[in-house]
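Right, one structure below, let's go through it.
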Amino acid sequence: KNAIVLETGCKGMDIEIREFITYLHNRKRTSHNTEVSYQRDLKKMAAYFEERGIYDIRDVGELELEGYLSYMERGQFASSTISRNVASIRALFQYLHQEGRIEKDTSLELKKRLPEILSVDEVDRLLKQPNRTTPKGIRDSAMLELLYATGMRVSELLRLSMEDINLQLGYVICRDEGKERVIPIGNVCKIAMEKYLDEAREKFVKENETEILF
């Protein structure tokens, strides 16, 4: 009952993504957080290709995938974020190849450029570790979810102030070496952040003592 539901009227690669998420839920029995992660990464990939006029997953070859990987690297995404995205892409393409939807798994070469990194399932288990019944666990959960949702560095996370996060509109402003970027966050991260601000932050920071978020 917790399967991810994508919007109706799918276009472009959304159909393949929807079928893949359904496969994960029904056949692999993956957790809700894992499904959310895969969906987020793959829709980001689809949006990138659609902006470049590629709407059919069968038109995404090795060169196109390498271009997407280079785009993420140029965008200074954290290596963990890039690796997670590549893992999501490889899982999708492996599924499509197994199902006979594509003739060749063009994602195989991407693995050669990956550093050693946690798998999506390992990250999912990591996110479940904090004890959300304690202030420390609520804080740690919010920090992990924010790192996972945005791909920011720990040093960037620790510099965040209260004014850098907008939960109503669902984004965080990340500042690093004079640069500023606005990063959207998903609902899972938003809920964790709301719980931290409502129930735990006051346990660590006295009122008006500092505007630092964590």
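Condition test on residue 123, is it of a type in the set (Val, Ile, Thr), farther than 24 Å from residue 61 by Cα and touching a Phe, Trp or Tyr at 6+ places or on another chain (Cβ under 7 Å)? First the steps, then the outcome.
Numbers: of a type in the set (Val, Ile, Thr): yes; farther than 24 Å from residue 61 by Cα: yes; touching a Phe, Trp or Tyr at 6+ places or on another chain (Cβ under 7 Å): yes.
When the stated conditions are applied, residue 123 passes them.
Every residue in the stretch 184-214 that is assigned to a loop (DSSP other than H, G, I, E, B) and touching a residue at least 40 places away in the same chain (Cβ under 8 Å), please. Steps first, answer last, please.
As a first pass, look at the stretch 184-214 and keep what is assigned to a loop (DSSP other than H, G, I, E, B): 185-186, 205-211, 213-214.
Once the filter is applied, which keeps residues that are assigned to a loop (DSSP other than H, G, I, E, B) and touching a residue at least 40 places away in the same chain (Cβ under 8 Å), the stretch 184-214 yields 186, 211, 213, 214.
I'm checking my understanding of the structure. Among residues of the stretch 124-137 that are of a type outside the set (A, V, I, L, M, F, W, C), in a helix (DSSP H, G or I) and farther than 13 Å from residue 214 by Cβ, which one is most open to solvent (accessible area, probe 1.4 Å)?
Quick first cut of the stretch 124-137, residues of a type outside the set (A, V, I, L, M, F, W, C) only: 124-125, 128-137.
With the extra rule that they be in a helix (DSSP H, G or I), the set shrinks to 124-125, 135-137.
Those still in the list that are farther than 13 Å from residue 214 by Cβ too: 124-125, 137.
On the way: 124: 14, 125: 134, 137: 4 Å².
Within the stretch 124-137, the match that is most open to solvent (accessible area, probe 1.4 Å) is 125.
Checking residue 176 against (1) out of contact with any helix residue (DSSP H, G or I) (no Cβ under 6 Å at 6 or more places or on another chain); (2) open to solvent by 20 Å² or more (accessible area, probe 1.4 Å): exactly one of these is not met. Which one?
(1)
Return the residue satisfying two criteria in turn: it lies in the stretch 138-172 and is closer than 24 Å to residue 83 by Cα and part of a strand (DSSP E or B), and of such residues it is most open to solvent (accessible area, probe 1.4 Å).
My answer is 171.
As an exercise: evaluate residue 105 against (1) open to solvent by 70 Å² or more (accessible area, probe 1.4 Å); (2) within 24 Å of residue 43 (Cα to Cα); (3) in a loop (DSSP other than H, G, I, E, B); (4) among the acidic types (Asp, Glu) and give the number of the one condition it does not meet.
(1)
The values are calculated or read from the model by the stated rules, or taken from the named source; none is laboratory data. Since this is a predicted model, take the numbers as computed values, not measurements. For neighbour counting, all protein chains shown are included, and Cβ atoms are generated from backbone atoms with ideal geometry for every residue, glycine included. Quick note on the areas: whole protein, heavy atoms, side chains included, nothing else; ligands and nucleic acids left out. Shrake-Rupley method; radii C 1.70, N 1.55, O 1.52, S 1.80 Å.
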